[in-house]
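Only one structure is covered here, and it is reproduced in the block below.
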Amino acid sequence: MNNFFKLFAILCVVAFASCRKNEAPQPAPSHFLSNDTVFVNKESALFASLSFATAKEDYFSRQIEAPAQIAFDPTQQAFVILPFPGRVVNSHIRLGQKVRAGTPLFEVASADFIEVQRDFFQAQSEREFAHRNLQRVEELYKNGVASQRDLEEATNEFRIADEEFRNATASAKIFHPNPKSMRVGEPLVVRAPIAGQISENHVVLGQFFDSEEPAVLIVNKQRMWIEAHLPERDIRFVEEEGTLQFRVNAFPGKEFSAEIFYIDCSVDEETRMIGVVAEFDNPNGLLRAGMFASVVITANPQLRIIVPETAIMQGERRNFVFVRTSKTTFVKRYVDVETIVEGKAMITSGLQVGEEIVSTGGIFIVSDGGFFIR
């Protein structure tokens with residue numbers, strides 16, 4: 001019986017030893033963590049999936065995109081308003097007509113304009129009379145007939161009349177280019193104050209206009225504005241006298257350029273946007289006020305540290321990269337990313353030129369090892 005138990009024990013030991021020999025050896029771990037440092041086994045599949053890049057410094061021009069709208073230059077549009085009430089007796093224009101500065105637009109019969117004419121011709125007549133009287137007194141004074149006092153009075157009367165005539169002439173020239181050719185009772189000819197195109201025409205024969213009602217709107221489309229609104233965080237990249245490019249839906253694929261000449265002095269309290277205004281030539285009148293546009297402003301080049309976009313890992317609070325400190329050791333480093341353009345991330349802080357980082361495969365370090373993202 002004892003021999004049976006001894007034999008059974010020996011068989012169990014042999015069987016256990018045989019099972020131990022058949023077990024596969026445990027593989028070495030692919031990596032392990034220590035705070036913000038990860039150590040990767042160079043023989044692991046994780047290490048083979050990693051690729052690396054070196055942080056480089058280069059000049060980078062940030063591009064800012066913003067919505068915009070085409071607008072008229074306020075200095076290149078004019079509402080034609082009568083200087084005094086009157087009735088339209090003749091019209092020389094139609095909607096869309098191009099005019100030059102000084103072109104006759106329409107004619108108005110006005111009692112107030114007749115009063116201006118009368119004042120001018122009366123002042124002219126009084127000046128001529130005072131001038132003839134002065135010449136007569138000067139002749140008498142030379143012959144010893146008129147006194148010094150008579151000469152001084154005649155001279156003073158002429159000076160007053162001459163000044164009155166100058167004032168009347170200046171007033172008449174506001175309404176007529178050559179007051180001396182006026183005739184009392186003729187209608188007032190209203191002329192274009194600027195060159196441009198008739199955009200609004202409210203002139204109707206026989207219609208009575210008061211002195212505050214706009215009759216015609218003239219706009220010059222040769223030089224126009226584009227108004228954009230940028231977030232306040234981007235305004236530091238915009239400079240007056242700089243340039244911007246823009247596109248409009250009406251002309252897909254066509255790019256236009258404008259010169260920045262004004263940046264708003266304040267921030268819109270509701271939108272937190274800052275207005276930027278640029279002007280551009282529009283010789284063919286292709287672009288029209290009210291068109292929506294998309295602008296791109298390219299900032300002056302600045303030195304930035306550049307790394308591949310794939311190197312940037314997104315944490316809950318900040319972005320980070322894995323910096324290679326030895327062949328198989330990597331440290332998580334927080335970085336500030338200004339922008340990403342065409343697969344390149346522009347770093348403003350957190351990296352030094354020449355540091356080697358994980359360019360691809362960093363996500364496997366995070367997912368495979370349960371790396372603590374924060």
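Restricting the search to region 185-207, which residues are farther than 21 Å from Q97 by Cβ and surrounded by 12 or more Cβ atoms within 10 Å (Cβ to Cβ)?
Residue satisfying the conditions is E186 alone.
For the condition of a type in the set (G, A, S) and either within 16 Å of N35 (Cβ to Cβ) or surrounded by 16 or more Cβ atoms within 10 Å (Cβ to Cβ) (or both), what is the one hit in G354, G350, G343?
G350
So, of the residues in region 178-208 that are under 15 Å from F121 (Cα atoms) and not hydrophobic (A, V, I, L, M, F, W, C), which turns out to be modelled with the highest pLDDT?
Selected residue: E186.
State which residue is surrounded by the fewest Cβ atoms within 10 Å (Cβ to Cβ) when the search covers only region 170-184 and only residues that are not basic (K, R) and not in a loop (DSSP other than H, G, I, E, B).
Only one residue fits best here, namely S181.
Output the number of residues of region 236-277 satisfying the condition of being under 12 Å from the mean Cα position of the chain (by Cα), assigned to a strand (DSSP E or B) and hydrophobic (A, V, I, L, M, F, W, C).
10
Could you list all residues from region 70-93 that are over 30 Å from F246 (Cα atoms) and either without any contact (Cβ under 8 Å) to a residue 12 or more places away in the chain or under 34 Å from the mean Cα position of the chain (by Cα) (or both)?
Of everything in region 70-93, those that are over 30 Å from F246 (Cα atoms) and either without any contact (Cβ under 8 Å) to a residue 12 or more places away in the chain or under 34 Å from the mean Cα position of the chain (by Cα) (or both) turn out to be V80, I81.
Under 6 Å between Cβ atoms, at least 6 apart or on separate chains: pull out the pairs that start in region 102-128 with a residue that is under 19 Å from K180 (Cβ atoms) and end on any residue that is at pLDDT 90 or above and aromatic (F, W, Y).
A123/F165; Q124/F165; R127/F165
If you go through region 96-107 one residue at a time, do you hit one that is surrounded by 16 or more Cβ atoms within 10 Å (Cβ to Cβ), more than 28 Å from M224 (Cβ to Cβ) and either of a type outside the set (V, I, T) or assigned by TED's automatic domain parsing to the domain that holds A170 (or both)?
Yes, region 96-107 contains a residue that is surrounded by 16 or more Cβ atoms within 10 Å (Cβ to Cβ), more than 28 Å from M224 (Cβ to Cβ) and either of a type outside the set (V, I, T) or assigned by TED's automatic domain parsing to the domain that holds A170 (or both).
Go through the residues of region 312-327 one by one and say whether even a single one is touching an Asp or Glu at 6+ places or on another chain (Cβ under 7 Å), among the aliphatic types (A, V, I, L, M) and closer than 28 Å to K344 by Cβ.
yes
The values are calculated or read from the model by the stated rules, or taken from the named source; none is laboratory data. Note that the coordinates shown come from a computational prediction; the quantities given were computed from them, not determined experimentally. Neighbour counts are summed over all protein chains in view; Cβ atoms, including those assigned to glycine, are modelled from backbone coordinates with ideal geometry.
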